[in-house]
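The values are calculated or read from the model by the stated rules, or taken from the named source; none is laboratory data. Keep in mind that what you see is a predicted model, and the values were worked out from it rather than measured. Here the Cβ is made from the backbone with ideal geometry for all residues, glycine too, and neighbour counts use every protein chain on show. We work out accessible area using only protein heavy atoms, side chains counted, and drop any ligands, DNA or RNA first. Shrake-Rupley method; radii C 1.70, N 1.55, O 1.52, S 1.80 Å.
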Amino acid sequence: MPDNALYLIAITLFAAIVNGGLGYGFSSITVPLALLFLTNRVLNPALVLIEVALNAYVLFVNRDAIPSVWRRVMPIVIGLVPGVILGTLIISRVSPQWLKLGTYILLLPVILIQAAGFRRPIQSEKAIGLPFGLGLGVLYSVTTISGPPLAVLLNNQGIIRLAESSFTAVAYLYVGIYTMQSMVLIPQILPSVLIGVPIGAWLIRQMPAETFRRLCMSFDAWVVAFGVSTVLRDLQIVEGPKAFLFLALVIVIDGWLLYRFFSAHSKPEPIPAVAASAKAGRAS
């Protein structure tokens, strides 16, 4: 088996474990690492077809929630359509190296936001549904990643995930992105998904969910920063080792975020005043 196939199996197994624990993260782990030896045009079609099936299964399992959320998420789903079309045109026309750089730069801010623990769920999807869907469609069709922004802003993700992957699959077919080179990746990735997701679901029960999420997002930030540094050097935007100063900067920022997180969670919770008074009374 070629070395690249072994790397892809290992990467997607780890990514599937993360996805099994968090409910997202498969693409946001797989894409930054796999782009070190593949291009978006080869990798994306395989991931999209797998995610159509995976998202359809997840939505079917949670089908009881559909009647209560579908009206709220429809503006976002409608906004996905022009976003996916625009993103598909970008991936079919932009050079692979510049597309990699754009992918990494798009990903890094949303991953660092996740690593910082920022979360502001949308109170009314109708208010920003169309522009949010447009941006999400571009992001997903170019990178196959939407988990981090969805996790920051939205709780009702099932319908949107199936819509974005299905729309993108159709758009890729229309512009002729599917190739045999992409299709041979599917049997390399599928076993990792089937094995890794249940492992992740078990792991998340063994540690605090927030700790697991922060560690995964921190790892992802380092990988993306390494990808940015590598492409900056390959495109000769920054020459030689200086390109990896970007990686060093991201490591410093993420290290500070991790320090804040673990410092806050290592402090003992304050005892409520009522409980403290009762405790003092028993002691006397």
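Can you name every residue in the range 77-89 that is over 20 Å from residue 44 (Cβ atoms) and buried (at least 17 other Cβ atoms within 10 Å of the Cβ)? Walk me through how you get there before you give the answer.
Filtering the range 77-89 down to residues over 20 Å from residue 44 (Cβ atoms) leaves 77-79.
Listed by number, the residues that qualify are 77, 79.
Residues of the range 49-76 being in contact (Cβ under 8 Å) with a residue 60 or more places away in the chain and either under 30 Å from residue 95 (Cα atoms) or open to solvent by less than 10 Å² (accessible area, probe 1.4 Å) (or both), which ones?
Taking the range 49-76 first, the residues in contact (Cβ under 8 Å) with a residue 60 or more places away in the chain are 49-52, 54-56, 58-59, 62, 65-66, 69-70, 72-73, 76.
Residues satisfying the conditions are 49, 50, 51, 52, 54, 55, 73, 76.
Tally the residues that are surrounded by 21 or more Cβ atoms within 10 Å (Cβ to Cβ) and hydrophobic (A, V, I, L, M, F, W, C), restricting the search to the range 36-48. Walk me through it before giving the result.
Just the residues of the range 36-48 that are surrounded by 21 or more Cβ atoms within 10 Å (Cβ to Cβ), to begin with: 38, 40, 43-48.
Imposing the further condition that a residue be hydrophobic (A, V, I, L, M, F, W, C) reduces the set to 38, 43, 46-48.
Result for the range 36-48: 5.
Criterion first (over 17 Å from residue 19 (Cβ atoms) and surrounded by 20 or more Cβ atoms within 10 Å (Cβ to Cβ)) does residue 192 satisfy it? Walk me through it before giving the result.
Details: over 17 Å from residue 19 (Cβ atoms): no; surrounded by 20 or more Cβ atoms within 10 Å (Cβ to Cβ): yes.
It is false that residue 192 is over 17 Å from residue 19 (Cβ atoms) and surrounded by 20 or more Cβ atoms within 10 Å (Cβ to Cβ).
Pick from 30, 12: which is modelled with pLDDT of 85 or more, out of contact with any Leu (no Cβ under 8 Å at 6 or more places or on another chain) and among the hydroxyl-bearing types (Ser, Thr, Tyr)?
On the way: 30 fails: out of contact with any Leu (no Cβ under 8 Å at 6 or more places or on another chain).
Sole residue among the options that is modelled with pLDDT of 85 or more, out of contact with any Leu (no Cβ under 8 Å at 6 or more places or on another chain) and among the hydroxyl-bearing types (Ser, Thr, Tyr): 12.
From the list 186, 204, exactly one residue is modelled with pLDDT of 90 or more and of a type in the set (A, V, I, L, M, F, W, C). Which is it?
Only one candidate qualifies: 186.
What residue, of 164, 125, is at pLDDT below 85 and crowded, with 17+ Cβ neighbours inside 10 Å? Give the derivation first.
Working: 164 fails: at pLDDT below 85.
Testing whether each residue is at pLDDT below 85 and crowded, with 17+ Cβ neighbours inside 10 Å leaves just 125.
In this structure, is residue 225 touching an Asp or Glu at 6+ places or on another chain (Cβ under 7 Å) and at negative phi?
No: the conditions fail for residue 225.
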